[in-house]
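Throughout, read-outs are computed from the coordinates displayed, never taken from laboratory work. The structure displayed is predicted, hence computed values, not measured ones. FYI the Cβ positions are ideal-geometry reconstructions off the backbone, even for glycines, and counts take in every protein chain you see.
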Amino acid sequence: AQSVTQPDIHITVSEGASLELRCNYSYGATPYLFWYVQSPGQGLQLLLKYFSGDTLVQGIKGFEAEFKRSQSSFNLRKPSVHWSDAAEYFCAVGGKGAQKLVFGQGTRLTINP
Amino acid sequence: GAVVSQHPSWVICKSGTSVKIECRSLDFQATTMFWYRQFPKQSLMLMATSNEGSKATYEQGVEKDKFLINHASLTLSTLTVTSAHPEDSSFYICSASAGNADTQYFGPGTRLTVL
């Protein structure tokens, strides 16, 4: 069965600190992996995606993610967070051709000043 | 590019009435659109997938007679919640993808409150 696990429901980091959000997936075929960010009451904005090739992908707002097939992981990282990064982050997996996405439960990120 | 809009952004209605939510792709042709539902502090759950000009495919457990989806053009899909009840109150989000693209772009969502 297809599934995505985001082990951390809520993470708090200080502004300027580094960040890593974890994502593990289970998918029967070649996974297409995504990270989306959602601000309160808003839709989802695509941060980055991985389909194939270089396993370290760069996204918007200074985010990057690394695909590790052996660990079935696609963790999101940022070297130095800003207060504006406070939001809900969702990891999702799908197949080729924008097939339906399976989302993780989300990780809420709080930034301490 | 890849902008998706939804209208209305929020709606309050009385129990038993029907509500229509529009999802538009503003700068691309969306051959496939998706409708999701999100409860507070929860993840997104796919309700249905619609391809332009054909009937929507509903996920298991989603009542197709209650949640009517129409994808009449390459830029517009509508979700109609028929005979809405308080338990239908939720945040509804659509997404769209173009042609053979592999990415879904999401709308800003519509908050439905049924009194």
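In sequence order, region B:17-27 has phi-based couplings of 8, 10, 10, 10, 10, 9, 10, 10, 8, 8, 9 Hz under the Karplus curve 6.51 cos²θ - 1.76 cosθ + 1.60, θ = phi - 60°, and Gly or Pro positions carry x.
Farthest toward the positive end of the dipole of chain A, out of A:Ser80, A:Ser39, A:Ala92, is the Cα of A:Ala92, where the dipole comes from beta carbon charges about the Cα centre. Shown here for region B:1-48: trypsin sites (Lys or Arg not before Pro) in loop regions (DSSP other than H, G, I, E, B) with at most 12 other Cβ atoms within 10 Å, namely B:Lys14, B:Lys41. Measuring against 32 Å, Cα to Cα, the residue pairs A:Lys61/B:Lys66; A:Lys61/B:Lys20; B:Lys14/B:Lys55 contain A:Lys61/B:Lys66; A:Lys61/B:Lys20 as the ones spanning a longer distance.
With all projection directions averaged, the alpha carbon convex hull of the protein assembly as shown covers 12.5 nm². The amide H of A:Asp8, built 1.01 Å from its N in the peptide plane, has A:Arg22 as neighbours under 5 Å, considering only residues 5 or more places off or on other chains.
Put a plus charge on the Cβ of each Lys and Arg, a minus charge on the Cβ of each Asp and Glu, and nothing anywhere else: the dipole of chain B about its Cα centre is then about 260 debye.
Sites listed here are chymotrypsin sites (Phe, Trp or Tyr not before Pro) in region B:30-115 whose DSSP assignment is loop and whose Cβ has at most 12 other Cβ atoms within 10 Å, and the list is empty.
Amide H to amide H, with H built 1.01 Å from N, A:Leu48 comes under 5 Å of A:Trp35, counting only residues 5 or more places away or on other chains. Please give the Cα centre distance for region A:30-88 versus region B:79-108, rounded to the nearest Å. Cα centroid to Cα centroid, the span is 22 Å. Annotation: amide H-H contacts under 5 Å for B:Thr75 (H modelled 1.01 Å from N, sequence separation of 5 or more, or interchain): B:Ala30.
Looking at region B:52-115, the GluC sites (Glu not before Pro) that sit in a DSSP loop and have at most 12 other Cβ atoms within 10 Å of their own Cβ are B:Glu63.
With all pairs of separate Cα atoms included, chain B yields a Kirkwood hydrodynamic radius of 13.9 Å. Stokes-Einstein diffusion for chain A at 4 °C, viscosity 1.567 mPa s, with a Kirkwood radius from C-alpha pairs, works out to 92 µm²/s.
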